[in-house]
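Colleague: So that we are looking at the same thing, I have put the structure below in structure tokens.
Each value in this text was obtained by applying a stated rule to the coordinates, not by laboratory testing. Fair warning: this is a prediction, and the values are worked out from it, not measured in the lab. Here Cβ is always computed from backbone atoms with ideal geometry, including for glycine, and neighbour counts include all displayed protein chains.
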Amino acid sequence: MNELHWEKQRNLKRPILIIALKGLFDAAEAATAGVDLLITKHNAFPIAEIDPESFFNFQEERPFVRLGEEGREIEWPSNQIWGAECEDSQHDLLLLSGIEPHLKWRTFSETLREVAQEMNVEMVITIGAMAGMAPHTRTLGVVGSASDPIIADRLGLGRPTYEGPTGLVGVLHDYLDKEGIPIISLRVSVPHYVPGPPNPEATRSLLSRLELVTGVETFHADLEKAANEWRDRIHAAVTNDPEMASYVEQLEQRVDESEILPSGDDLAAELEAFLRDKRSD
């Protein structure tokens, strides 16, 4: 069975593939919300779709029944790849805002490798969100990592240090890295005491960092009003609970004493230098 169904192939300009999947790596749905915004703002068009039949337990991720003009319609779990032409950037985008599959993670990773190679993708970036010790009163920190020591060194990213159960994203990084496809991870820390969606501040932080790395406009400023309103709502609830307010103060002190990620001002230039060197190899 061919899991990948091509809808429209275009010659994109030095594309970067951005991936966010609902599941373990998408606290408050902050990452998928970010890719959804990119799809909308860049007027993205469908490129391909990954057939869900091989990858999902439909008792766990059930399809929806909808009543359309032509009667009942079944809406299946979707992992669709979108293309976006970014005129003012050195790169176009391929975008996947989908759902972490339940089954056949190696086959799913192979399917994404096929997309990357067929579309001449220069780099894959997974974005995610994890619940952590982040206070809502501070800009939510984004950390980046890459398994490839050369990429990590050039972009000032960390090397993975986590050991334990992983999700599809962890498997995908291992697979594409061994296939020689450059891949990095960006993930935002979401306040663990506010885990539910939406979290526009977390999405804004992720997109801001993504723009610094890629040089592609991410429209993160469009979320500033929603992020401020979200922060005000949480702050009002916290101030009415002295114990919680004291806890948040402790988190603030920890964050203020730490350094989350190197300055992003030169990240885009370093990325271009790395990709240029990669093409000349």
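Colleague: Scan region 1-106 for chymotrypsin sites (Phe, Trp or Tyr not before Pro) in coil per DSSP, keeping those whose Cβ has at most 13 other Cβ atoms within 10 Å, and list them by number.
Modeller: Filter output for region 1-106: F58.
Colleague: Mind checking which of I50, A236, S189 is farthest towards the positive end of the chain's charge dipole, using Cβ charges of +1 (Lys, Arg) and -1 (Asp, Glu) about the Cα centre?
Modeller: I50
Colleague: Let's see if you can work this out: charge +1 on each Lys and Arg Cβ, -1 on each Asp and Glu Cβ, no other charges. What is the dipole magnitude of region 140-265 about its Cα centre, in debye to the nearest 20?
Modeller: 240
Colleague: Placing unit charges on C-beta atoms (Lys and Arg positive, Asp and Glu negative, everything else neutral), compute the dipole magnitude of region 74-118 about its Cα centre in debye, rounded to 20.
Modeller: 400
Colleague: Also, quick follow-up: Would you work out which of T137, Q59, S208 lies farthest towards the positive end of the dipole of the chain, given +1 charges on the beta-carbon of Lys and Arg and -1 on that of Asp and Glu, about the Cα centre?
Modeller: Q59
Colleague: Taking only pairs that are 8 or more places apart or on different chains, how many Lys pairs in region 4-280 have Cα atoms under 26 angstrom apart?
Modeller: Lysine pair count for region 4-280: 13.
Colleague: Would you be so kind as to identify which of A28, I81, L38 lies farthest towards the positive end of the dipole of region 1-88, taking Lys and Arg as +1 and Asp and Glu as -1 on Cβ and the Cα centre as origin?
Modeller: L38
Colleague: Which GluC sites (Glu not before Pro) in region 7-80 sit in a loop by DSSP (not H, G, I, E or B) and have at most 10 other Cβ atoms within 10 Å of their own Cβ? Numbers along the way, then the final one.
Modeller: On the way: sites: E7, E29, E49, E53, E60, E61, E69, E70, E73, E75; in loops: E7, E60, E61, E69, E70.
Here the GluC sites (Glu not before Pro) that fit, given the DSSP loop and packing criteria, are E60, E69, E70.
Colleague: Here is a further query. Given that compact globular proteins tend to follow 2.2 N^0.38 Å, what is the ratio of the alpha-carbon Rg of the chain to that value?
Modeller: The chain yields a ratio of 1.03.
Colleague: Okay, moving on. Based on Cβ point charges of +1 for Lys and Arg and -1 for Asp and Glu, what charge dipole magnitude is obtained for region 4-280 about its Cα centre, in debye rounded to the nearest 20?
Modeller: With Lys and Arg at +1 and Asp and Glu at -1, about 300 debye.
Colleague: For region 4-280, what is the percent of antiparallel DSSP beta bridges, rounded to the nearest 5? Each step should come with its number before you reach the end.
Modeller: Details: 21 of 43 bridges.
So the antiparallel bridges in region 4-280 amount to around 50 percent.
Colleague: Sticking with this one: What ranking, highest mean first, results for peptides 93-99, 173-179 when packing means the other Cβ atoms within 10 Å averaged over each residue?
Modeller: Ranking the peptides 93-99, 173-179 by packing returns 93-99, 173-179.
Colleague: Region 87-170: which GluC sites (Glu not before Pro) are DSSP loop and have at most 10 other beta-carbon atoms within 10 angstrom?
Modeller: For GluC sites (Glu not before Pro) across region 87-170 that sit outside H, G, I, E and B with at most 10 neighbouring Cβ atoms in 10 Å, the list reads E87, E163.
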